[in-house]
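Q: Sharing a structure here in structure tokens format.
The values are calculated or read from the model by the stated rules, or taken from the named source; none is laboratory data. If you're wondering where the values come from, they're calculated on a predicted model, not measured in any experiment. Cβ placement follows ideal geometry from the backbone for every residue including glycine, while neighbour counts extend to all protein chains displayed.
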Amino acid sequence: MQRWRMIAGVGLCVWAVGCAGPVRDTLYQTSTIDALLAGVYDGDLPLRALRKHGDLGIGTYDGLDGEMVLLDGRFYQVKADGKVYSPELHGETPFAAVCAFQPEATFAISKGANMTSVEAQIDREMPNQNQFCAIRIEGRFKAMRTRSVPRQKRPFPLLKEIAATQPVFDLENVAGTIVGFRCPPFAASVNVPGYHLHFLSQDRLRGGHILAFEMVTGTAQVDCLDRFVMQLPGTEDFATVDLATDRQQDLQSVEKEKPKR
Ligand SMILES: [Zn+2]
């Protein structure tokens with residue numbers, strides 16, 4: 001009886017995804033952040049398939065070819081030259097997380113906020129740290145520091161080796177959108193615990209993975225997600241990569257701003 005109920009549940013879920021669009025309040029993700037840190041860069045999931053699961057998200061592209069921003073159902077690819085491209089939908093991603101964004105809270109960001117204070121404000125508005133949160137912030141920025149990563153060839157280096165020489169972009173007086181997620185601590189090794197945010201300028205010409213910013217004014221929208229679906233890649237690399245090693249230190253060095261040189 002239990003088993004039949006489970007099968008019926010799975011069937012209904014497949015039906016819901018297949019026929020009625022993405023499931024609400026669900027973070028849908030392909031691969032794990034630790035696999036990406038370990039150099040699993042071959043794309044496995046076409047963008048067209050990923051888009052069935054959401055209209056807002058972040059990730060990277062086949063061969064680690066730049067930073068992904070998915071906004072209002074459109075993919076943007078911020079390459080290592082700092083410019084934004086429109087990727088083909090048959091192209092694939094090795095790592096991405098998306099959701100069908102339906103904000104349940106909207107609030108003004110305090111004037112003159114920086115990255116740390118914006119994150120603290122979202123934490124006050126959304127105190128349940130054990131949920132996933134999707135975030136969209138429209139704003140004007142006095143300064144926005146982003147980075148991207150260049151396309152890689154085999155043999156693939158570790159992500160921390162690539163990030164050590166990543167191109168960094170300093171934008172000034174720019175309007176645009178921050179897109180990303182706050183993931184709970186228990187998601188470590190699968191996704192980035194805490195905040196992971198990408199940027200796209202209003203003119204759709206600049207963007208990247210956010211390292212720091214200073215804001216003038218802005219409005220945040222947040223959607224709390226209480227369901228998590230993970231698609232594992234079918235690649236040989238994913239099948240054989242070591243995912244037992246703790247890579248939290250690598251993650252810190254890759255995701256956060258480097259001390260000034
Ligand atoms: Zn990123």
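Q: List pairs: first in the stretch 186-198 and without any contact (Cβ under 8 Å) to a residue 60 or more places away in the chain, second among the aliphatic types (A, V, I, L, M) and within 12 Å of the ligand (Cβ to nearest atom), Cβ under 9 Å, 6+ apart or cross-chain?
A: Pairs that qualify, where the first residue is without any contact (Cβ under 8 Å) to a residue 60 or more places away in the chain and the partner is among the aliphatic types (A, V, I, L, M) and within 12 Å of the ligand (Cβ to nearest atom), are Ala187/Ile33; Pro193/Leu251.
Q: Could you tell me whether any residue of the stretch 110-127 is in contact with a Phe, Trp or Tyr (Cβ under 8 Å, 6 or more places away or on another chain), in a loop (DSSP other than H, G, I, E, B), within 16 Å of Glu255 (Cβ to Cβ) and in contact (Cβ under 8 Å) with a residue 40 or more places away in the chain?
A: Looking through the stretch 110-127, none of the residues is in contact with a Phe, Trp or Tyr (Cβ under 8 Å, 6 or more places away or on another chain), in a loop (DSSP other than H, G, I, E, B), within 16 Å of Glu255 (Cβ to Cβ) and in contact (Cβ under 8 Å) with a residue 40 or more places away in the chain.
Q: Given (1) outside any strand (DSSP E or B); (2) surrounded by 13 or more Cβ atoms within 10 Å (Cβ to Cβ), where does Gly139 come up short, assuming only one miss?
A: (1)
Q: Give the residue, chosen from Asp34, Asp25, that is surrounded by fewer than 20 Cβ atoms within 10 Å (Cβ to Cβ), more than 14 Å from the ligand (Cβ to nearest atom) and either modelled with pLDDT of 95 or more or among the acidic types (Asp, Glu) (or both). Outline the logic, then answer.
A: Values: Asp34 fails: surrounded by fewer than 20 Cβ atoms within 10 Å (Cβ to Cβ).
Asp25 is the lone residue from the list that is surrounded by fewer than 20 Cβ atoms within 10 Å (Cβ to Cβ), more than 14 Å from the ligand (Cβ to nearest atom) and either modelled with pLDDT of 95 or more or among the acidic types (Asp, Glu) (or both).
Residue-by-condition table, conditions (1) buried (at least 18 other Cβ atoms within 10 Å of the Cβ); (2) closer than 17 Å to Asp223 by Cα; (3) more than 14 Å from the ligand (Cβ to nearest atom):
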{"residue": "Met68", "(1), (2), (3)": "yes, no, no"}
{"residue": "Arg74", "(1), (2), (3)": "no, no, yes"}
{"residue": "Phe95", "(1), (2), (3)": "yes, no, no"}
{"residue": "Pro103", "(1), (2), (3)": "no, yes, yes"}
{"residue": "Val118", "(1), (2), (3)": "yes, yes, yes"}
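Q: Filter the stretch 81-102 for residues that are in contact with an Asp or Glu (Cβ under 8 Å, 6 or more places away or on another chain) and not charged (D, E, K, R) and give the result.
A: So in the stretch 81-102, the residues in contact with an Asp or Glu (Cβ under 8 Å, 6 or more places away or on another chain) come out as 91-94, 98-102.
Across the stretch 81-102, the qualifying residues are Gly91, Thr93, Pro94, Val98, Cys99, Ala100, Phe101, Gln102.
Q: Determine the pairs where a residue that is surrounded by fewer than 20 Cβ atoms within 10 Å (Cβ to Cβ), located within the stretch 241-255, has a partner that is of a type in the set (Asp, Glu) and outside any loop (DSSP other than H, G, I, E, B) with Cβ atoms under 6 Å apart, the partner being 6 or more residues away or on another chain.
A: Leu243/Asp34
Q: Going by the conditions given, is Gly57 touching a residue at least 60 places away in the same chain (Cβ under 8 Å), touching a strand residue (DSSP E or B) at 6+ places or on another chain (Cβ under 6 Å) and closer than 24 Å to Phe228 by Cβ? Let's see the steps before the verdict.
A: Working: touching a residue at least 60 places away in the same chain (Cβ under 8 Å): yes; touching a strand residue (DSSP E or B) at 6+ places or on another chain (Cβ under 6 Å): yes; closer than 24 Å to Phe228 by Cβ: yes.
Criteria met by Gly57.
Q: Quick one: Asp246 ticks every box in (1) closer than 27 Å to Gln129 by Cβ; (2) outside any loop (DSSP other than H, G, I, E, B) bar one, so which box is it?
A: Just one mismatch for Asp246, condition (2).
Q: Moving to a separate point now. In the stretch 84-113, which residues are among the polar types (S, T, N, Q) and more than 18 Å from Phe199 (Cβ to Cβ)?
A: Thr93, Gln102, Thr106, Ser110 - these are the residues of the stretch 84-113 that are among the polar types (S, T, N, Q) and more than 18 Å from Phe199 (Cβ to Cβ).
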